[in-house]
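The values are calculated or read from the model by the stated rules, or taken from the named source; none is laboratory data. Computed from a prediction, not measured in an experiment: that's the story for all the values here. Using ideal geometry, Cβ is built from the backbone for each residue, glycine included, and neighbour counts are taken over all protein chains shown.
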Amino acid sequence: MSIKQPIPVTGPRRVYCHAKRYITPNLLRITVSGDELIGFPCGYHAAHIKLFFANRHTRQLDLPVRDTQGVIHWPEARPVTRAYTVRAFRQEMNELDIDFVVHGDDSPASGWALNATIGSELGIAGPGGPDPLLAPADWHLLAGDLTAVPAISALLEHFPHDVRASVFIEIDHEEDKHTIAAPTGVDIHWLKRVKGQPEQLAKVISQITLPDTAQSISAFIAGENSAVLACRRVLIEQFGLSKQQLYAIPYWRRGQDEETYHEQRHVIMDEVY
Ligand SMILES: Cc1cc2nc3c(=O)[nH]c(=O)nc-3n(C[C@H](O)[C@H](O)[C@H](O)COP(=O)(O)OP(=O)(O)OC[C@H]3O[C@@H](n4cnc5c(N)ncnc54)[C@H](O)[C@@H]3O)c2cc1C
């Protein structure tokens, strides 16, 4: 992964649901705003953000506090934390878009998004993550599931007009296929996930014929654990990508919530990075 300069992390900030609209039946955009969003760093589309939701027992949202040395002090009633993506930040409007894959209303993040009404509160810290997210190259590969779509869409929106890239998105539901704005040199392919075949996306990637002009490659892969690991294997073993050329982060794991999966994600990432 191309961690060159860590983005200065800011927050936590308390923000509020300002607008809510479905991009597709299972991808829900929540636009947040509020006085504490003022000063959120600009230019970090597709970067990681940390979201804070109300404590499971008290149902109150108490945010941690960052002191002048950058040390975080957690409240007694800890909020639930989840990682998400900066889909877009409009400084002039003081609005931040976050796109949530909605997969049920009994989990903290998806449940919050589904039930959010105008004024519902949320904590945010960041942006953070590798910078740049995608290393410069002649040709890019972007792939993942619906959770990767916010980052992929944000990256495509900001690519130079002459960029060359292929995008592969694996979805559970046909109706989540939608138009993603991209330069003309980008081809976008949608695949329907086949239950029990987490290697489908990797197989498709392994069959790509690289364009003759692709002297250098970089890749962005994100989504469910097994699919990301299979893609990462192909990109390292078959395409010979180095750690600087490859962002491959498992965003979630089927059957495990973030609390039980969090440490495993770091072990998995440390295997390569
Ligand atoms: C850097 C980073 C950026 C991310 N950006 C985004 C983003 O922009 N948008 C986004 O939607 N997600 C994003 N994710 C993924 C998101 O953090 C996880 O999906 C998270 O687990 C959702 O939290 P939850 O409280 O809804 O579910 P949890 O409480 O974590 O899990 C409850 C149950 O739901 C299952 N589950 C979790 N996520 C999904 C899913 N997407 N589909 C089906 N089942 C699921 C779990 O396996 C578990 O069984 C990102 C993750 C990372 C690490």
For Ser226, state whether it is among the hydroxyl-bearing types (Ser, Thr, Tyr), under 16 Å from Leu134 (Cβ atoms), assigned by TED's automatic domain parsing to the domain that holds Asp257 and out of contact with any Lys or Arg (no Cβ under 7 Å at 6 or more places or on another chain). no
Please give the number of the condition Gln245 fails out of (1) more than 12 Å from the ligand (Cβ to nearest atom); (2) surrounded by 20 or more Cβ atoms within 10 Å (Cβ to Cβ); (3) closer than 20 Å to Thr147 by Cα. (3)
Residues that are farther than 25 Å from Ile152 by Cα and modelled with pLDDT of 95 or more: does the stretch 80-100 have at least one? yes
Failed item, numbered, when Leu156 is tested on (1) of a type outside the set (Gly, Ala, Ser); (2) surrounded by fewer than 24 Cβ atoms within 10 Å (Cβ to Cβ); (3) within 19 Å of Phe89 (Cα to Cα); (4) in contact (Cβ under 8 Å) with a residue 60 or more places away in the chain: (4)
By residue number, the members of the stretch 61-80 that are surrounded by 11 or more Cβ atoms within 10 Å (Cβ to Cβ) and out of contact with any Pro (no Cβ under 9 Å at 6 or more places or on another chain) are Ala77
Do we have Leu122 as more than 24 Å from Gly34 (Cβ to Cβ) and either out of contact with any Phe, Trp or Tyr (no Cβ under 8 Å at 6 or more places or on another chain) or modelled with pLDDT of 95 or more (or both) here? no
Say whether the condition of being under 24 Å from Glu157 (Cβ atoms) and not polar (S, T, N, Q) is met by at least one residue in the stretch 253-272. no
Among the residues of the stretch 250-271, are any aliphatic (A, V, I, L, M), closer than 30 Å to Val80 by Cβ and at pLDDT 95 or above? no
